[in-house]
Amino acid sequence: MRAGVALSRLSSSTFQFGNLNQFPTIYKPNLLQLSSFSRSSNPSNINLSKKKLFHTVSSAMASSFMPEQARVPPAIELPTPPVTKFKIALCQLSVTEDKERNISHARKAIEEAAEKGVDLVLLPEIWNSPYSNDSFPIYAEDIDSGGDASPSTAMLSEVAHRLQITIVGGSIPERSGGRLYNTCCVFGKDGKLRAKHRKLHLFDIDIPGQITFKESKTLTAGENPTIVDTDVGRIGIGICYDIRFEELAMLYAARGAHLLCYPGAFNMTTGPLHWELLQRARQKQQ
């Protein structure tokens, strides 16, 4: 498996906002994203200017002549970003069977990134455990209980607060209510858990003679999209295979996300065929 996060392979990158006020409400692109996208509005209650408001159109009527917009949720005003320029570190980690070593390795990577002046750090998918159905139950943590029950997130919380950075913590196996999830935690500069995203789309694949893997054998799919306000802006979260589904990105765009983050650990059979392609698809989506 290859561990990574969309989009850049660089250790850190600088992004900058443009003037958001130059775009009308119906088309206000998000100018800062790992996987960029633009926004469109639902025909229902479209606002072309402050002085003109179109009559409300039902979804059924809209789908008959504007199918590409009928499924888009009504857009909201893009919030003013808390910063106009910041650095992002995308940490690529090699995972072992030693959980403590994995946690220590992730801590060191975050600290090295912080020394370079980054404001936002991203980790890969399942960075504290081997990526296998046999390993998920063994390495899973009770995130809600925290402390000793979740040493991986306890480390992320401590480091985020100590270094005063925002962390999108890749993902780890989570145990909750007798079920296992593939879960991403977002921590603010205060070290507090800002959001928790459970992978919505589980990756089940069977290519005879090449690869067979079914996440659904042990993991349970999440139920809710996750968008969170952080010190660097509003972020929409997906995990690996979630990037295949454009509706999630469209929803995040309509909800005012400045940034989309997709931590991933992709296999070397299908990964090279679609990973970069899907990032471009999300970027060009309008």
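Condition check ((1) touching a His at 6+ places or on another chain (Cβ under 6 Å); (2) charged (D, E, K, R)) across all residues:
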{"site": "SER171", "(1), (2)": "no, no"}
{"site": "ARG179", "(1), (2)": "no, yes"}
{"site": "LEU193", "(1), (2)": "no, no"}
{"site": "LEU202", "(1), (2)": "no, no"}
{"site": "ASP242", "(1), (2)": "yes, yes"}
{"site": "GLU247", "(1), (2)": "no, yes"}
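Looking at LEU200, LEU260, which is the one that is touching a Gly at 6+ places or on another chain (Cβ under 7 Å), surrounded by fewer than 22 Cβ atoms within 10 Å (Cβ to Cβ) and not in a helix (DSSP H, G or I)?
Values: LEU260 fails: surrounded by fewer than 22 Cβ atoms within 10 Å (Cβ to Cβ).
Selected residue: LEU200, the only one of LEU200, LEU260 that is touching a Gly at 6+ places or on another chain (Cβ under 7 Å), surrounded by fewer than 22 Cβ atoms within 10 Å (Cβ to Cβ) and not in a helix (DSSP H, G or I).
Rundown of residues vs (1) in a loop (DSSP other than H, G, I, E, B); (2) over 16 Å from TYR241 (Cα atoms), yes/no style:
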residue	(1), (2)
THR183	no, no
LYS189	yes, yes
ARG194	no, yes
GLY209	yes, yes
THR212	no, no
SER216	no, no
ALA221	yes, no
ASN224	yes, no
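How about the stretch 234-249: which of its residues are touching a residue at least 60 places away in the same chain (Cβ under 8 Å) and surrounded by 23 or more Cβ atoms within 10 Å (Cβ to Cβ)? So that I can check it myself, show each step before the final result.
Kept after step one, since they are touching a residue at least 60 places away in the same chain (Cβ under 8 Å), are these residues of the stretch 234-249: 234-235, 237, 239-240, 243, 247, 249.
The answer is ILE235, ILE237, ILE239, CYS240, ILE243, ALA249.
What's the total number of residues in the stretch 127-164 that are of a type in the set (Asp, Glu) and assigned to a helix (DSSP H, G or I)? Steps first, please.
Within the stretch 127-164, the subset of a type in the set (Asp, Glu) is 134, 141-142, 144, 148, 158.
Of the ones still in play, those that are also assigned to a helix (DSSP H, G or I) are 148, 158.
The total comes to 2.
What pairs come out if I take residues in the stretch 266-286 that are surrounded by fewer than 16 Cβ atoms within 10 Å (Cβ to Cβ) and pair them with residues that are at pLDDT below 75 and not aromatic (Phe, Trp, Tyr) whose C-beta lies under 6 Å away, six or more apart or interchain?
THR269/ILE211; GLN286/SER38
With the requirement that a residue be touching a residue at least 60 places away in the same chain (Cβ under 8 Å), surrounded by 14 or more Cβ atoms within 10 Å (Cβ to Cβ) and of a type outside the set (Asp, Glu), what does the stretch 214-233 give you? Before you say what the answer is, go through the steps one by one.
Quick first cut of the stretch 214-233, residues touching a residue at least 60 places away in the same chain (Cβ under 8 Å) only: 214-215, 217-219, 229-233.
From what is left, the residues that are surrounded by 14 or more Cβ atoms within 10 Å (Cβ to Cβ) are 215, 218-219, 229-233.
THR218, LEU219, THR230, VAL232, GLY233, listed by residue number.
When the stretch 160-203 is examined, which residues are found to be more than 16 Å from PRO124 (Cα to Cα) and among the polar types (S, T, N, Q)?
Correct list: GLN164, SER176.
The values are calculated or read from the model by the stated rules, or taken from the named source; none is laboratory data. Computed from a predicted model, the values in this text were never measured in an experiment. All Cβ positions, even for glycine, are placed from backbone atoms using ideal geometry, and neighbour counts span all protein chains on display.
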